[in-house]
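The values are calculated or read from the model by the stated rules, or taken from the named source; none is laboratory data. Quick caveat: nothing in here was measured; it's all calculated off a predicted structure. As a convention, Cβ positions derive from the backbone with ideal geometry for all residues, glycine included, and neighbour counts pool all protein chains shown.
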């Protein structure tokens, strides 16, 4: 897949050079008004499991001391590269044979997607497939998806912002409303800040994990699960 990753990165360049404009940015609300979740690699899992902890609005920045206090976890799939299944502690071992029932399935990569299976706060129309598309412009590169409210959302490469986009593609008329962000926690995971009045946490967590293991894990801005950033590499800057 490395040749495909390089090819797609090269194809970004002409559009990037021809798309100079300055959209309106609505800044993220104060962090004290946002929900915060720590997504941390589980020790001893070989990077196959990410646990999700509620930080209680920053009281426990990297999760509570008790590992059993996780509210969700993501388990890597053996069948698909970049594939993970999301589970919830609230419905653990509630399947017909005592198995854990999934909340969502995600797949990161050149053809990313999220299959939302259940979410207590989500409207029924939100359940189902959400395709994650790639987009670039002179400002940044993005992972974009649409929710049932008809709005388009995007994760940015620089700044790691989650934005709700109004008037998409209308150049100076485009408005980007920041509703969340990700702060990396070194090699251990990341912390998600999200305005849950604008997006349910299940979608925010799932799409953030897609970007964490693919979009932000490479110097090429695409293909991180195939051609990830190596230890010691410094992010290069385009002229």
Next item on the list: Collect the residues in the stretch 130-162 that are in a strand (DSSP E or B) and in contact (Cβ under 8 Å) with a residue 40 or more places away in the chain, keeping them in residue-number order.
Entry: 130, 132, 134, 136, 141, 143, 145, 153, 155, 161, 162
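Taking residue 194 as the residue in question, decide whether it is crowded, with 19+ Cβ neighbours inside 10 Å, more than 26 Å from residue 55 (Cα to Cα), at pLDDT 95 or above and in contact with a strand residue (DSSP E or B) (Cβ under 6 Å, 6 or more places away or on another chain).
no
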Margin query: Among (1) assigned to a strand (DSSP E or B); (2) closer than 23 Å to residue 47 by Cβ; (3) without any contact (Cβ under 8 Å) to a residue 60 or more places away in the chain, there is one condition residue 186 misses while meeting the rest; what is its number?
Written below: (1)
Next item on the list: State all residues of the stretch 136-151 that are surrounded by fewer than 19 Cβ atoms within 10 Å (Cβ to Cβ), within 13 Å of residue 165 (Cα to Cα) and either modelled with pLDDT under 95 or over 14 Å from the mean Cα position of the chain (by Cα) (or both); if no residue qualifies, say none.
Entry: 149, 150, 151
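Does the stretch 3-17 include one or more residues that are in contact with a strand residue (DSSP E or B) (Cβ under 7 Å, 6 or more places away or on another chain) and at pLDDT 90 or above? Reasoning before the result, please.
Step one: of the stretch 3-17, the residues in contact with a strand residue (DSSP E or B) (Cβ under 7 Å, 6 or more places away or on another chain) are 12, 15-16.
Checking which are at pLDDT 90 or above leaves us with none.
Within the stretch 3-17 (the criterion being in contact with a strand residue (DSSP E or B) (Cβ under 7 Å, 6 or more places away or on another chain) and at pLDDT 90 or above), the answer is no, since none of the residues qualifies.
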